[in-house]
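A quick write-up on the structure given underneath.
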Amino acid sequence: MTSATHAPSPQAHPALNRPNMVSVGTIVWLSSEIMFFAALFAMYFTLRSTSPQMWAEETAKLNVPFALANTIVLVLSSVTCQFGVFAAERLQPRRTGGLLNVARWGMVEWFILTFIMGAIFVSVQAYEYTNLVAEHISLSSNAYGSSFYLTTGFHGLHVTGGLIAFLFIIGRAFIAKRFGHFEATSAVVVSYYWHFVDVVWIALFFIIYFLK
């Protein structure tokens with residue numbers, strides 16, 4: 001009579017899905033940026049509460065429709081940025097069809113369009129600054145001018161930083177011999193930052209241009 005021996009089967013261990021540390025680090029960094037802009041908002045509301053008459057007079061000089069059109073451009077740039085992320089996630093760096101065939105665009109084309117829209121936003125904001133200076137609203141004119149230029153100016157610097165990041169990602173897509181997950185992750189991280197500056201501007205636009 002023979003006895004069969006059975007080797008113990010290895011226990012099945014569930015696969016560990018660890019988060020991408022680059023994405024986690026970016027989210028943590030953006031959390032600190034939220035606190036930075038929260039401090040700017042607190043400064044704005046504090047100064048505004050002490051000088052309501054000044055705010056009523058100076059906000060009347062703002063061109064709300066002009067700023068609204070510029071805001072729409074920036075918000076739409078988040079949409080084009082996300083399409084670029086979709087292309088990066090399917091590892092498609094460049095278009096596979098004609099330039100007018102938007103459905104076949106890759107990450108590079110969508111990010112170039114996003115860069116152009118972001119550059120338009122910054123340029124229009126600079127033009128708005130020149131008009132406000134002509135209306136005697138400058139950084140050193142009064143409390144309103146200081147708060148306005150500090151809040152919108154720091155946001156403009158963040159947008160400019162995002163434009164530089166887009167150039168870096170686009171350039172690396174052309175240089176890389178093979179577009180892989182590492183390059184796709186970089187594109188996703190830049191999109192986090194870009195969506196962040198868009199959301200911050202929506203809050204700034206509502207507070208500065210609409211909140212009475």
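Brief remarks on what is shown
- Listed by first and then second residue, the pairs with beta-carbon distance under 7 Å, at least 6 apart or on different chains, first residue in the stretch 101-116 and assigned to a loop (DSSP other than H, G, I, E, B), second crowded, with 21+ Cβ neighbours inside 10 Å, are TRP105/ALA87; GLY106/ALA87; GLY106/PRO93.
- Checking each residue in the stretch 82-115 for being under 29 Å from PHE205 (Cβ atoms) and either among the basic types (Lys, Arg) or open to solvent by 80 Å² or more (accessible area, probe 1.4 Å) (or both) picks out PHE83, PHE86.
- Entry remark, the stretch 133-153: residues being touching a Lys or Arg at 6+ places or on another chain (Cβ under 7 Å) and open to solvent by 40 Å² or more (accessible area, probe 1.4 Å) number 1 in total.
- Positions within the stretch 57-68 being loosely packed, with under 12 Cβ neighbours inside 10 Å and small (Gly, Ala, Ser), in sequence order: ALA60
- Residue pairs whose Cβ atoms lie under 6 Å apart, sitting 6 or more positions apart in sequence or on different chains, and linking a residue in the stretch 170-184 that is among the β-branched types (Val, Ile, Thr) to a partner that is modelled with pLDDT of 85 or more, are ILE170/VAL108; ILE170/PHE111.
- Test: residue in the stretch 185-205 that is in a loop (DSSP other than H, G, I, E, B) and either open to solvent by 50 Å² or more (accessible area, probe 1.4 Å) or touching a residue at least 12 places away in the same chain (Cβ under 8 Å) (or both): no
The values are calculated or read from the model by the stated rules, or taken from the named source; none is laboratory data. These figures come from a predicted structure and were not determined experimentally. Backbone-built Cβ (ideal geometry, glycine too); neighbour counts: all protein chains shown. Protein only, heavy atoms only, side chains kept; ligands, DNA and RNA dropped before computing areas. Shrake-Rupley method; radii C 1.70, N 1.55, O 1.52, S 1.80 Å.
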